[in-house]
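Visitor: Sending over a structure as C-alpha cells; questions will come in a sec.
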Amino acid sequence: MERFLKADNWFFTGITKLVLLILVNAMFIIGCIPVVTAGASLGALYHTIHKNLMDNRGYTIPCFWEGFRSNLKQSTIVMVIFLAISAVLFADDAIIRTMAQSGKINEGFSVLFWILLGLVWLYAIWVFASIALFQNSLKNIMRNSLVLFFAELPTTVYTAIIIAFVAFTIWLIWPLIFLMPAVGIWLIGYRMQKVFRRYQPEDTEGL
C-alpha cells in the first residue's frame, strides 16, 4: 500500500500525464481558434509534449506558450501557404464535380485531389515539427522536411495511420477531441524524435 501511494508510483504518474495531456490539448484548441495560428499551436503542442511530458523539463503551461511564441511567425507563414494550396485543391475538386454532373469527366478523378490534399498536410506535419524543434531558415526547414517526408516514408505512413486513428476515435466519441489530438502528437512525436536524432549533428540545433 505504501508503494502504491508514493508520488513516483506508475499509477499517479499516469494520472498526472493524462491530466497534463488534457490541459495542453485545451491550450492547443484555443491556439487553433484563429485558423492561421493553428500551425503555431500544433508546433507548440509538439514542443510541449517533447520537452515537458516526454523529457520532464519545465512546466506545461509556460512551455506551451513559449513554444507558441517562438514559432508563431514561421508557422503562420507556412500555415497560410498550406491553406492556400488546400483552397486551390478544393476549387479543383469542385470543378471536377461540376464537370462530372454534365458528363464531361468521371467524378472519380476528384479522389486524386483528396489524396494530394492528404499528402500536403502530412508534409505540413513534418514542417511544423521541424519548426518547433529547430532554429533554421524557413526555406531550409521546408526543404529538409520534404527530404524527410520521402526518406523516412515509414514514419510518414505511420503518421498518416495515427492521424486517421485519432480522427476516427473523435468521430466515434466526439468528447475525445479534448484528449486525442495530444495523444496523437505524442505517438507521432515519439517516432519522429528518433528520426530527428539520426539527422541532427551533435553540435548544431538544426538538421
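Visitor: For segment 48-85, which positions are touching a Phe, Trp or Tyr at 6+ places or on another chain (Cβ under 8 Å), surrounded by fewer than 23 Cβ atoms within 10 Å (Cβ to Cβ) and at pLDDT below 95?
Guide: Hits for segment 48-85 are Asn52, Leu53, Met54.
Visitor: Name the residue that is nearest to Arg198 (Cα to Cα), counting only residues in segment 136-152 that are more than 16 Å from the chain's Cα centre (by Cα) and open to solvent by 70 Å² or more (accessible area, probe 1.4 Å).
Guide: Val147
Visitor: For a quick check of your reading of the model, give me the residue pairs whose first member lies in segment 182-202 and is open to solvent by 60 Å² or more (accessible area, probe 1.4 Å) and of a type in the set (A, V, I, L, M), whose second is modelled with pLDDT of 95 or more and in a helix (DSSP H, G or I), with beta-carbon atoms closer than 7 Å and at least 6 apart or on different chains.
Guide: Partner pairs satisfying both residue conditions: Leu187/Ile162.
Visitor: Can you tell which of Thr37, Thr16 is buried (at least 18 other Cβ atoms within 10 Å of the Cβ), assigned to a helix (DSSP H, G or I) and out of contact with any Leu (no Cβ under 6 Å at 6 or more places or on another chain)?
Guide: Going through Thr37, Thr16 in turn, the sole match is Thr37.
Visitor: Evaluate the following for Gly43: is it open to solvent by less than 50 Å² (accessible area, probe 1.4 Å) and touching a residue at least 60 places away in the same chain (Cβ under 8 Å)?
Guide: yes
The values are calculated or read from the model by the stated rules, or taken from the named source; none is laboratory data. If you're wondering where the values come from, they're calculated on a predicted model, not measured in any experiment. No Cβ is skipped: glycine too gets one built from the backbone with ideal geometry, and neighbour counts run over all protein chains shown. Areas reflect the complete protein model, heavy atoms only, side chains present, ligands, DNA and RNA absent. Shrake-Rupley method; radii C 1.70, N 1.55, O 1.52, S 1.80 Å.
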